[in-house]
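**Student:** Just dropping this structure here.
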Amino acid sequence: DYGTLPEMIRGQADRNGDETFLIRAETGETFSYQEIDARSDEVAATLAERGVVAGDKVGVILPNSAALVVAICGVLKVGGVVVPTNPEYKTGEIAYVFEQSDSQLVITEESLRKTVEKAIDDIGVKALLTPEECEANANESRSTVPKREVRPVDTALLMFTSGTTGDPKSVALSHLNLLFRFDGGEMPRGYGVFYTVLPLFNIDGFITTLGTMYDGGQVLLRNGFSASSFWADVEQYDANITSVVPSVLAILLEREYPENRDVSSFERFVVSGSYVHEELVERFEEAFGINVMEIYGLTEAAGTAYESPEEVVVGSAGSPTLYAEAAILDEDTSEPLPPGELGEIVLRGPTVFKEYYNNPEATEEVLQGGWFHTEDIGYVDKEGRCYVKDRIKNIIIRGGQNIYPGEIEEAIHAHPAVEDVAVVGHEHEIYGEVPVAYVTIDEHTDEKALEKRIREDCTERFADFKIPEAVYILEEFPRGETGKILKERL
Ligand code: ATP
């Protein structure tokens with residue numbers, strides 16, 4: 001029904017009126033569709049007064065909150081491009097994002113003002129506004145927000161990847177990319193309350209929030225996952241579904257099932273973002289009796305490209321979403337490979353991003369031959385279901401033999417005392433690289449005995465070249481902003 005995001009925001013406010021759109025988990029405050037619409041009109045009017053014109057980039061650096069959603073909608077309504085950024089970033093990181101994106105203006109809260117001011121000191125950002133300053137145009141209404149020419153193919157969002165494998169890349173997604181993603185995914189559909197804990201400056205948090213608006217549902221928003229509040233939130237707000245990285249399952253497993261709470265509204269965990277260990281999913285489903293659905297996607301495909309809302313096959317990321325086309329291509333011929341053969345996952349369709357902003361070489365490199373090359377390795381079965389093995393970058397090559405870390409991690413994860421695991425390559429004089437394992441474990445475990453068991457178990461399952469040369473026990477893993485393990489730091 002909609003060609004652009006401002007049309008969607010307004011259209012959904014017309015349809016849903018004073019129905020609740022957003023609930024803030026921290027305070028219980030609710031915000032209706034109409035309220036978000038009216039408040040974002042005020043933001044749009046202020047930005048217009050400040051000279052923001054269609055196509056201008058506007059940085060938004062706020063924690064998950066109603067103010068953040070309102071700011072995003074306001075920027076879109078004035079025809080601007082939203083550049084959402086992590087409020088935990090330090091000066092240098094903030095400067096990188098706003099400089100790379102040519103941001104004209106930044107919206108941030110009072111508590112971050114000093115840091116942001118320092119960051120934007122000499123990079124061409126013209127002004128900094130707080131949400132309160134943006135919304136000071138009380139009584140602004142739709143009719144007074146200046147009309148801006150926005151085309152469906154224009155960029156709506158410049159989203160930086162989380163930088164798990166190097167410097168964050170700035171992914172330009174158009175209004176159409178995002179609307180096709182909202183329309184093509186079944187994930188939030190038919191669910192009343194979507195519990196969003198992932199940050200809106202990453203694709204998953206953004207999609208689950210605005211996608212739920214597109215679906216006319218409700219978002220329960222928390223500023224980050226909290227193990228101690230999770231089940232209480234579910235009970236209090238009758239949440240139905242959430243989307244998380246796999247380590248959240250491991251963290252929840254450490255705690256008891258919430259026997260004393262009524263969490264019967266809760267139907268499903270959606271997991272993605274890094275290798276999803278089958279064993280962990282099985283253990284989790286057994287202990288909690290709640291369905292876990294693995295999906296696969298990335299920022300460049302506007303979030304999800306594979307999902308299977310109905311028939312979940314543990315270990316698989318499901319089938320392509322409605323508008324995504326996916327294949328595994330032969331490296332030499334660029335023809336699709338038969339089912340079961342491993343190769344790079346490539347995607348095409350209307351959700352695939354426009355470009356890396358200001359980086360035509362990088363864009364051209366990943367969009368060769370009309371396909372987006374994901375740099376992830378996987379295979380497709382006879383039914384078309386996708387199995388993601390790992391990032392090509394994570395593959396360990398020991399003396400010419402390929403080792404997929406996910407496979408080894410899976411085996412190590414099978415030990416109940418292991419909380420989380422990462423297998424990485426360490427440099428080696430003779431073999432170039434050898435695999436080593438890092439684990440975090442339950443505190444009551446005998447470390448020596450566990451190491452021995454892990455080694456024995458790997459010896460039983462794998463060829464010698466795949467067996468980790470060492471098992472290191474860590475207090476905790478270095479993690480990126482969505483909770484992914486930063487393998488490069490290990
Ligand atoms: P950067 O590109 O800067 O390193 P990032 O890759 O973490 O950051 P995202 O776009 O958020 O940025 O993450 C997408 C990546 O997450 C995919 O390329 C893939 O490697 C991984 N991923 C997503 N879903 C799955 C899955 N089901 N199984 C394995 N890996 C997954």
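The values are calculated or read from the model by the stated rules, or taken from the named source; none is laboratory data. Here the structure is a predicted model, which is why all the values come from computation and not from measurement. Heads up, the Cβs are rebuilt from the backbone with ideal geometry, glycines too, and the neighbour counts pull from every protein chain shown. The accessibility values were calculated without ligands, DNA or RNA, using every heavy atom of the protein model including side chains. Shrake-Rupley method; radii C 1.70, N 1.55, O 1.52, S 1.80 Å.
**Student:** Below 8 Å between Cα atoms, with a sequence gap of 6+, how large is the relative contact order for region 434-490 in percent?
**Tutor:** 46 percent
**Student:** Please work out, to two decimal places, the log10 of the ratio I(q)/I(0) at q = 0.13, 0.17 Å⁻¹ from a Debye calculation in which every Cα of region 241-335 carries one identical scatterer.
**Tutor:** Normalising to I(0) and taking log10 leaves -0.50, -0.78.
**Student:** If you don't mind, there's one more thing I want to ask. Give me, ordered by chain and number, the residues 5 or more places off Leu128 or on other chains with an amide H under 5 Å from its own placed amide H.
**Tutor:** Result for Leu128 returns Val106.
**Student:** Using modelled backbone amide H atoms (1.01 Å from N, in-plane), which distant-in-sequence or interchain residues come within less than 5 Å of Asn291's amide H?
**Tutor:** When sequence neighbours closer than 5 places are left aside, the close amide H contacts are Phe269.
**Student:** May I ask you to derive the relative contact order of the chain, considering only C-alpha pairs under 8 Å and at least 6 residues apart, and to give it as an integer percent?
**Tutor:** Normalised by residue count, the contact order of the chain is 11 percent.
**Student:** A follow-up question, please. What's the magnitude of the charge dipole for region 341-445 around its Cα centre, counting Lys and Arg as +1 and Asp and Glu as -1 at the beta-carbon? Answer in Debye, nearest 20.
**Tutor:** Roughly 400 debye for region 341-445.
**Student:** Would you calculate the separation in nanometres between label points at Glu278 and Glu447, each defined as 7 Å from the Cα along the Cα-to-beta-carbon direction?
**Tutor:** Between Glu278 and Glu447, the simple spin-label model gives 3.2 nm.
**Student:** So what are the ³J(HN,Hα) numbers for region 432-447, from phi and the Karplus equation (6.51, -1.76, 1.60; θ = phi - 60°), rounded to whole Hz, Gly and Pro as x?
**Tutor:** The phi angles translate into x, 9, 9, x, 10, 10, 10, 9, 10, 10, 4, 5, 8, 8, 7, 4 Hz.
**Student:** Would you mind computing Rg(Cα) / (2.2 N^0.38 Å) for region 1-157, counting N as its residues?
**Tutor:** My calculation over the Cα atoms of region 1-157 gives 1.00.
**Student:** Which FRET efficiency value, to the nearest 0.05, is calculated for Thr91 and Glu132 with the Förster distance at 25 angstrom and r the Cβ-Cβ distance?
**Tutor:** About 0.60, to the nearest 0.05.
**Student:** Taking a probe of 1.4 angstrom, what is the accessible area of Lys452 in Å², to the nearest 10?
**Tutor:** 130 Å²
**Student:** Order of 456-465, 240-249, 216-225, 19-28 by packing, highest average Cβ count within 10 Å first?
**Tutor:** 240-249, 216-225, 19-28, 456-465
**Student:** Can you give the accessible area of Met8, probe radius 1.4 Å, in Å² rounded to 10?
**Tutor:** The accessible area comes out at roughly 0 Å².
**Student:** Expressed as a whole percentage, what fraction of the accessible surface of region 416-479 belongs to carbon and sulfur atoms when a 1.4 Å probe is rolled over the protein heavy atoms?
**Tutor:** Carbon and sulfur together cover 44 percent of it.
**Student:** Once label points are set 7 Å from the Cα along Cα→Cβ at both Glu383 and Glu476, what is their separation, rounded to one decimal in nm?
**Tutor:** 3.9 nm
**Student:** If you don't mind, another one. Please compute the length gained on full extension between Ala463 and Glu99, using 0.36 nm multiplied by the number of residues separating them and subtracting their Cα-Cα distance.
**Tutor:** Taking 0.36 nm per residue and subtracting the Cα distance, the gain is 126.2 nm.
**Student:** In Å², what does the accessible area per residue of the chain work out to with a 1.4 Å probe?
**Tutor:** 43 Å²
**Student:** So what is the calculated 222 nm ellipticity per residue for the chain, using -39500 (n - 2.57) for each DSSP H run with n of 4 or more, over all residues, to the nearest 500 deg cm²/dmol?
**Tutor:** Computed mean residue ellipticity for the chain: -9000 deg cm²/dmol.
**Student:** Given a cut-off of 32 Å, name the pairs among Lys90/Lys466; Lys389/Lys452; Lys389/Lys448 whose C-alpha atoms lie farther apart than that in the structure shown.
**Tutor:** Lys90/Lys466
**Student:** Kirkwood Rh and Cα-based Rg: tell me the resulting Rg over Rh for the chain, rounded to two decimals.
**Tutor:** Reported Rg/Rh (Cα atoms, Kirkwood Rh): 0.97.
**Student:** Moving on. In vacuo Debye scattering of region 346-490, one point per C-alpha: log10 I(q)/I(0) at q = 0.10, 0.13, 0.17 Å⁻¹?
**Tutor:** With one equal scatterer per Cα and no solvent, log10 I(q)/I(0) is -0.45, -0.72, -1.04.
**Student:** Which order do peptides 142-149, 102-109 fall in by mean Cβ count within 10 Å, highest first?
**Tutor:** 102-109, 142-149
**Student:** Positive end of the dipole of the chain, charges at C-beta (+1 Lys, Arg; -1 Asp, Glu), about the Cα centre: which of Leu200, Asn358, Met213 has its Cα farthest in that direction?
**Tutor:** Toward the positive end, the furthest listed residue is Asn358.
**Student:** For Gly273, what residues show an amide H to amide H distance below 5 Å, using hydrogens built from the backbone and excluding near sequence neighbours?
**Tutor:** Sorted by chain and number, the residues that satisfy this are Gly297.
**Student:** Could you tell me which of Cys386, Gly297, Ile345 has its Cα farthest along the dipole of region 275-386 towards the positive end, charges placed at Cβ (Lys, Arg +1; Asp, Glu -1), taken about the Cα centre?
**Tutor:** Towards the positive end, the residue furthest out is Gly297.
**Student:** Extending each Cα 7 Å along its Cβ direction at Glu341 and Glu429, get the distance between those two points in nm, one decimal.
**Tutor:** 4.0 nm
**Student:** Under 4 °C and 1.567 mPa s, how fast does region 323-375 diffuse according to Stokes-Einstein, given a Kirkwood radius computed over C-alpha pairs? Answer in µm²/s, whole number.
**Tutor:** 110 µm²/s
**Student:** How high is the relative contact order of region 277-404, given as a whole-number percent (alpha carbon pairs under 8 Å, six or more residues apart)?
**Tutor:** Relative contact order of region 277-404: 19 percent.
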